[in-house]
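The next block holds one structure in the form of structure tokens; read it before the comments.
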Amino acid sequence: MPTAIRTNPLSYLTDQLNELKHKGTYFRLRVLEDEQAPVCTFDGKQVINLASNNYLGLTTHPKLREAALEATRKYGVGSGAVRTIAGTMSLHMELEEKIARFKNVEACVVFQSGFTANAGTVSAILGKEDFIISDELNHASIIDGARLSRAKIKVFRHKDVAHAEELLTEVKNEPGHKLLITDGVFSMDGDIGPLSALCDLAEKYGAIMMVDDAHASGVLGRNGRGTIDHFGVHGRVDIQVGTLSKAIGALGGYVCGTRDLIEFLYHRGRPFLFSTSHPPSVAATCIAAFDVLEQEPERMEKLWENTRYWKKELGGLGFNIGGVNTPASETPITPIIIGDGKLTMDFSRELFDEGVFGTGIAFPTVPEGKARIRTIMTATHTREQLDKALETLKRVGKRMAILS
């Protein structure tokens, strides 16, 4: 009997990739060949790096390097298990206690990533009888966590407090818990959530208040304590999510709140329960990073000095950096709004060829017609590097008729 020729059951994925190529939004991964720094080597080319979340330059800080090396020498390279079996090391507990003190809360639990911290927490604390009231531009990890929870999801217009209240009013007499959730800093536009007003709503309607502070950690508040400190709403946010992967310079995410919340996540947070814990080098690195936040406030000052200069000069060139049919950036994240996805990706490639790495971001990460180059400032960019990048952006922008 002849052997049947098997067709590829995943051929539809190839079709979808070909569609991305046709639209001009297909991309290949850029490969970093040296340190994550303001000037570094991607794909064999030295470029000014405007694409990194390394806000404070901690990926290469000598104190963090030494902490990682010392922990590896003392504890080895891995923890060997999930936290609930044999993988909770003294370093993990020390890190969680340090973050809890830093954030002025009772307790903290560290997850393997910021994504799993959000998705794992939302899906653990809510069920199908509950309601989630969520900003339309919240991070994908919040959206996925909301779907996994099976709760009923209601989305309010971006930063529209009145609309959020309308949705809370609709469900106030319904059984079930209500969760009001927002990003602290929105990752694509760089604007800040209206946290004080949302806290007022949560208290008025008896909702759980949750904030994803990934892009505010190390950036806003005293010594980088985030939007809760920035707005002075300590004690009014029930669940704070942060990251160890951006300003902290390493890897992971965390959730802060009451001791009972953290104990519950120990028992029901699925990423916590089913993923091996951080290697000792990573935990030790993060501990050292929080010490640096306290001891070197000049890093945040330099970050904001660079941010103010970059926004002023970039806007002065005539680029749309938000505020015209898009939110205005208030943080080191500054988008250059192009609109068309293909033009944006072409612009990104042209910039890279001329020595500036700015990531092109198009649908579905951002809505159709809102494609942009997302630029991010760090504390370690020099004025000379920024001026060179600005000159390149101007030259390529004019050549491609993005600038007049």
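The values are calculated or read from the model by the stated rules, or taken from the named source; none is laboratory data. This is a predicted model, so every value here is computed, not measured. All Cβ positions, glycine included, derive from the backbone under ideal geometry; neighbour counts span all protein chains shown. Note: areas computed on protein heavy atoms with side chains; ligands, DNA, RNA excluded. Shrake-Rupley method; radii C 1.70, N 1.55, O 1.52, S 1.80 Å.
The table below lists the values:
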| quantity | calculated |
| --- | --- |
| Under 22 Å from K312, Cα to Cα: lysines that are on another chain or at least 8 residues apart | K302, K370, K388, K394, K398 |
| Cβ charges +1 (Lys, Arg) and -1 (Asp, Glu), total dipole of the chain, debye | 700 |
| Cβ-based net charge around V109, under 14 Å, with every Lys or Arg adding one and every Asp or Glu removing one | 0 |
| Neighbour-limited loop hits for GluC sites (Glu not before Pro), region 84-156 (at most 15 other Cβ within 10 Å; DSSP other than H, G, I, E, B) | E106, E129, E136 |
| Dipole of the chain, positive direction: furthest Cα of P280, A371, L95, with charges on the beta-carbon | A371 |
| By accessible area with a 1.4 Å probe, ligands and nucleic acids excluded, highest first: order of S141, S90, S329 | S90, S329, S141 |
| Accessible surface ranking that places the most exposed of L351, L17, L317 first, with a 1.4 angstrom probe | L17, L317, L351 |
| With all protein chains modelled, accessible area of H215 [1.4 Å, Å²] | 20 |
| For the chain, share of DSSP beta bridges that run antiparallel, in % to the nearest 5 | 55 |
| Test item: Cα-centred dipole of region 242-324, Lys/Arg +1 and Asp/Glu -1 on Cβ, debye | 360 |
| Cα lying deepest toward the dipole's positive end in region 1-86, options L10, V47, G24, charges on Cβ | L10 |
| Qualifying lysines (Cα of each under 16 Å from Cα of K204; at least 8 residues distant if same chain) | K172, K178 |
| Summed residue charge, Cβ within 14 Å of R372's Cβ, Lys/Arg positive, Asp/Glu negative | -2 |
| Surface accessible to a 1.4 Å probe, T169 within the full protein complex, Å² | 60 |
| Segment M400-R28, length gained on full extension (0.36 nm per residue, minus Cα span) | 131.8 nm |
| Around I361: net Lys/Arg minus Asp/Glu count, Cβ-Cβ under 12 Å | +2 |
| Where I262, I321 fall by accessible area, highest first, once all protein chains stay in place (1.4 Å) | I321, I262 |
| Proximal aspartates and glutamates to K342, defined as alpha-carbon separation beneath 13 angstrom and excluding residues fewer than eight positions away on the same chain | E19, E350, E368 |
| Area of R157 that stays accessible when all protein chains are in place (1.4 Å probe, Å², to 10) | 120 |
| Listed candidates [x] 65, 57, 49; [y] 71, 58, 51; [z] 74, 42, 38 - label of the one calculated as Cα extents along the principal axes in Å | [y] |
| Helical mean residue ellipticity (222 nm; -39500 (n - 2.57) per DSSP H run of 4+; nearest 500) of the chain | -13000 deg cm²/dmol |
